[in-house]
Amino acid sequence: MSKYLININGELFDETNALISVFDRGFLYGDSVYEATRTFNRKAFRLNHHLDRLFSSAKKIELSPTLTREEITTQIEKTILASPFENINLRIVLTRGTNSDLGLDPDLSSENNLIIFTKAIPPNPDWWLSDGVSMIFHTKESSHKGPLPKSGNYQENVKAFKEATKRSAFDAIMVSPEGLVLEGTTSNIWLAKNGLILTPPLSDGVLEGLTRKTIFEMALKSEFRIQEQSLTKIDFLSADECFLTSTTRNIVPVTMIEGQKISNGKPGKLTLELLKSYLDYLNLQN
Ligand code: PDD
């Protein structure tokens, strides 16, 4: 059985036959936006929020979608139904389109390309919860003010991830040139100190993760004390607990940064309680 089912502009392919033009602007310039979500029992998690973020990312890079929200939704639903798997990873990529030549001018492309990747979602490995993961800090070359678009240009994140792998870490925590801690390469980052759970504000140049957003929403109805605050490397190294969040991984304890243990080097109590409440909250939603 093929691993992927991929929808390209409305047609379904397996991974060997899913091909697009070398003149696609996503390929040439990273001129695209994307979303990553998952399904629970063939229903896309928070699809409306993901589509809001897709359209808002498109606006940030001045990409006027040639497809409507309804057309994109129809294709996503069609792909989910056609998948042989109940629970899948879903990546929705919208590129500015296929260029008529190599020029930069966005008007050289007419229609967007919509590519929807699906594959079975693997469960999180047990050791993430028993041991936690280790991270390094990676200082970004440029600052970005305000919430980040989720564009196809992940060069800085790729560089950070590569550095983490080279140093045998699980992933990297991105830091602004001014020294503010921002996020993981594909996740949001959090710490807990004296019972308070903190994460950097979007205005520091962070992607508005939907797991992050869901945790804030859940906090309104729970005992957890959660807030946004600008944070530095020292805040993280001296935290009681640390964890990362993303739709495909939920909440993952971070127990070491730059080779230094966070507190006693074990997944934190608050982190594990938050994960339990988050999973209960998701079950209520789906
Ligand atoms: N990435 N920050 C960045 C830079 C991300 O790429 C992501 C998600 C997040 C977390 O967002 P969410 O909670 O909506 O998954 C934060 C996904 C997982 C990806 O690119 O595969």
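The values are calculated or read from the model by the stated rules, or taken from the named source; none is laboratory data. Remember, predicted model here, so these are calculated numbers, not experimental data. Counting neighbours? That spans all protein chains shown, and the Cβs are built from the backbone with ideal geometry, glycine included. Just so you know, the surface numbers come from the protein's heavy atoms only, side chains and all, with ligands and any DNA or RNA stripped out. Shrake-Rupley method; radii C 1.70, N 1.55, O 1.52, S 1.80 Å.
Brief remarks on what is shown
- Among the residues of segment 201-211, some residue qualifies, meaning at least one is touching a residue at least 40 places away in the same chain (Cβ under 8 Å) and in contact with a His (Cβ under 7 Å, 6 or more places away or on another chain).
- If the condition is being open to solvent by 60 Å² or more (accessible area, probe 1.4 Å) and more than 17 Å from residue 79 (Cβ to Cβ), then segment 89-103 contributes 100, 101, 102.
- A search for C-beta distances below 9 Å between a residue of segment 56-71 that is touching a residue at least 60 places away in the same chain (Cβ under 8 Å) and any residue that is aromatic (Phe, Trp, Tyr), counting only pairs 6+ apart in sequence or on different chains, returns 57/34.
- Put simply, of 31, 52 the only residue that is surrounded by 15 or more Cβ atoms within 10 Å (Cβ to Cβ), within 23 Å of residue 147 (Cα to Cα), acidic (Asp, Glu) and in contact with a helix residue (DSSP H, G or I) (Cβ under 8 Å, 6 or more places away or on another chain) is 31.
- Residue that is farthest from the ligand (Cβ to nearest atom), among those in segment 68-79 that are under 14 Å from residue 46 (Cα atoms) and open to solvent by less than 50 Å² (accessible area, probe 1.4 Å): 73
- Residue count, segment 55-67 (criterion: crowded, with 21+ Cβ neighbours inside 10 Å and either within 14 Å of the ligand (Cβ to nearest atom) or polar (S, T, N, Q) (or both)): 1
- Flag if residue 135 is closer than 21 Å to residue 203 by Cα and in a strand (DSSP E or B): no
- Checking every residue in segment 180-200 against the condition of being acidic (Asp, Glu), surrounded by fewer than 23 Cβ atoms within 10 Å (Cβ to Cβ) and out of contact with any Asp or Glu (no Cβ under 6 Å at 6 or more places or on another chain) gives zero matches.
Conditions (1) open to solvent by 50 Å² or more (accessible area, probe 1.4 Å); (2) within 16 Å of the ligand (Cβ to nearest atom); (3) under 21 Å from residue 203 (Cα atoms), marked per residue:
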residue: 213; (1), (2), (3): yes, yes, yes
residue: 224; (1), (2), (3): no, no, no
residue: 228; (1), (2), (3): yes, yes, yes
residue: 240; (1), (2), (3): yes, no, no
residue: 243; (1), (2), (3): no, yes, yes
residue: 252; (1), (2), (3): no, yes, no
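- When residues of segment 104-139 are limited to those that are at pLDDT below 95, farther than 30 Å from residue 267 by Cβ and polar (S, T, N, Q), the one surrounded by the fewest Cβ atoms within 10 Å (Cβ to Cβ): 110
- Among the residues of segment 159-171, those that are within 16 Å of the ligand (Cβ to nearest atom) and open to solvent by less than 80 Å² (accessible area, probe 1.4 Å) comprise 160, 163, 164, 170, 171.
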